[in-house]
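Structure first, commentary second.
The values are calculated or read from the model by the stated rules, or taken from the named source; none is laboratory data. None of the values given here were measured: they were computed from a predicted structure. With ideal geometry, Cβ positions are generated from the backbone for all residues, glycine too; neighbour counts draw on all protein chains shown.
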Amino acid sequence: MSCWSRFLKPGLLVVALTAGSLGSVRPAHAEEARFAEAVRFAGGDRAIALAGTLERPAHIALDQPLPAVVLIHGSGPNDRDETMYGHKPFRLLSAWLTEAGYAVLRYDKRGVGESGGTAQGATIVDFAADAEAAFDFLRSRPDIDGHRIGLLGHSEGGMVAPLIAARRPEVAWLVLLAPPTVNGREISRYQNTQGALDRGASAPDAEAAAEEASNLFDIVTSGTDSAERDRQLLAALNRLADRRRLSAAMVEAQRASLASAWFRHILAYDPAPTLRQLRAPTLVLFAALDHQIAPALNEAPARAALQDNPAAEVRVLPGVNHLFLRSSWGAVAEYPRVAPGLAPVLHEALDQWLERIDHRQPTYTARR
């Protein structure tokens, strides 16, 4: 669910490393309307082989180089489909994009599914290197138009994609769905407060719980050596556990998550400087009912960071949650109960924008 932090019990932080899901409009004939190819390519660490699926529309001639998209996951150990809550959002999104005339590459993250390596010790810099390797893999293929490859990132993937585009002018365009645009500490504090409110806490209790989490963040980001940092973190967590009657196993799980290289990096990382470097056409879409990457916190910084990019557009889509599914509330607890399917407002926004900036060409019947 791309939620970086939530509560095991009111007031106690835990890092959640799972990705959000995007439903998608999918025609009944979608499986027959596209070719799927299992692929493997070297990741950002050349010793790691990443596995994925490359799909292309069956209604376009096989010898016609296609525009293409790399799908970049949110946070957590995600497979190529971003499987969650029974949804396979990237598979559905790929079906929609191939129907629109694109080849689509989606892949298992390092250490997940058929991909090699491990995510232990990795930060978003490493995940950006893997996504860049996916981009270069597409550019190496004769059936892909190397001048028309875009990146689509959701949630944390919306921070990863700009890291690539800022240094690679070959990136044709970016779509950033619910991207964090302020530092991770601000995001995490918001998520802790909002999460407590969603679970029925009073406003003062939610604020107090967020303050407890903030104190843990101070320890995690302190300049002390790792052994001393772990000692302080464990002592602080044990004090919280005594008040909340949490097991030693739960405390250790919290310590490992909070002390991870990924979380320490994300707390301090500010996406704005990278966004300011972007010159490629960029569409940023926020969800009005998002309780994780709230427009109230992220929209204005996105607009400010992209103000010098004449090819950038920032929009807030009504009636949808962080997963861009139609929603009445927006809380994380609602996700399993929300009907699957790409919200029409997202479908329309993507279709109109891609039609405008990518100048899609007429398609031709594939030769069998």
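Residues that are under 15 Å from the mean Cα position of the chain (by Cα) and touching a residue at least 24 places away in the same chain (Cβ under 8 Å) occur at least once in region 252-262.
Do we find that GLY146 is touching a residue at least 24 places away in the same chain (Cβ under 8 Å), assigned to a loop (DSSP other than H, G, I, E, B), surrounded by fewer than 20 Cβ atoms within 10 Å (Cβ to Cβ) and not polar (S, T, N, Q) in this structure?
Details: touching a residue at least 24 places away in the same chain (Cβ under 8 Å): yes; assigned to a loop (DSSP other than H, G, I, E, B): no; surrounded by fewer than 20 Cβ atoms within 10 Å (Cβ to Cβ): yes; not polar (S, T, N, Q): yes.
It is false that GLY146 is touching a residue at least 24 places away in the same chain (Cβ under 8 Å), assigned to a loop (DSSP other than H, G, I, E, B), surrounded by fewer than 20 Cβ atoms within 10 Å (Cβ to Cβ) and not polar (S, T, N, Q).
Consider region 66-94 and keep the residues that are modelled with pLDDT of 90 or more and assigned to a strand (DSSP E or B). The one that is nearest to ALA128 (Cα to Cα) is ILE72.
When you scan region 36-48, do you find a residue that is buried (at least 23 other Cβ atoms within 10 Å of the Cβ) and in a strand (DSSP E or B), even just one? Walk me through how you get there before you give the answer.
Going residue by residue through region 36-48, those that are buried (at least 23 other Cβ atoms within 10 Å of the Cβ) are 43.
After this cut, where a residue has to be in a strand (DSSP E or B) as well, the list is none.
Within region 36-48, not a single residue is buried (at least 23 other Cβ atoms within 10 Å of the Cβ) and in a strand (DSSP E or B).
Do you know which of the residues in region 71-120 that are crowded, with 24+ Cβ neighbours inside 10 Å and β-branched (Val, Ile, Thr) is farthest from ALA256 (Cα to Cα)? So, considering only residues that are crowded, with 24+ Cβ neighbours inside 10 Å and β-branched (Val, Ile, Thr), the one farthest from ALA256 (Cα to Cα) is THR98. If the condition is being in contact with a helix residue (DSSP H, G or I) (Cβ under 6 Å, 6 or more places away or on another chain), among the charged types (D, E, K, R) and under 25 Å from PRO169 (Cα atoms), then region 262-287 contributes only ARG276. Among the residues of region 60-82, what is the count of those that are over 13 Å from the mean Cα position of the chain (by Cα) and β-branched (Val, Ile, Thr)? Number of matching residues: 2.
Any residue in region 105-114 that is under 16 Å from ARG80 (Cα atoms) and assigned to a helix (DSSP H, G or I)? No, that holds for no residue. All but one of (1) at pLDDT 95 or above; (2) in contact with a helix residue (DSSP H, G or I) (Cβ under 9 Å, 6 or more places away or on another chain) hold for SER247, so report the exception by its number. The number of the failed condition is (1). Is it true that LEU240 is surrounded by 14 or more Cβ atoms within 10 Å (Cβ to Cβ), modelled with pLDDT under 90, in contact with an Asp or Glu (Cβ under 9 Å, 6 or more places away or on another chain) and farther than 27 Å from MET159 by Cβ? Judged against the criteria, LEU240 is a match.
Under the condition of being outside any loop (DSSP other than H, G, I, E, B), of a type outside the set (D, E, K, R) and within 15 Å of TRP96 (Cβ to Cβ), the residues counted in region 54-64 number 1. Being of a type in the set (Val, Ile, Thr), assigned to a loop (DSSP other than H, G, I, E, B) and free of Cβ contacts under 8 Å to residues at least 60 places away in the same chain holds for only one residue in THR193, THR181, THR224, and it is THR224.
Within region 196-218, the set of residues being more than 25 Å from the chain's Cα centre (by Cα), surrounded by fewer than 22 Cβ atoms within 10 Å (Cβ to Cβ) and in a helix (DSSP H, G or I) comprises ALA203, PRO204, ASP205, GLU207, ALA208, GLU211, GLU212, ASN215, ASP218. Candidates are the residues of region 287-346 that are modelled with pLDDT of 90 or more, β-branched (Val, Ile, Thr) and outside any helix (DSSP H, G or I); the one that is farthest from GLY200 (Cα to Cα) is VAL314. Being under 30 Å from GLY153 (Cα atoms) and within 30 Å of the chain's Cα centre (by Cα): is that true of SER188 here? It is true that SER188 is under 30 Å from GLY153 (Cα atoms) and within 30 Å of the chain's Cα centre (by Cα).
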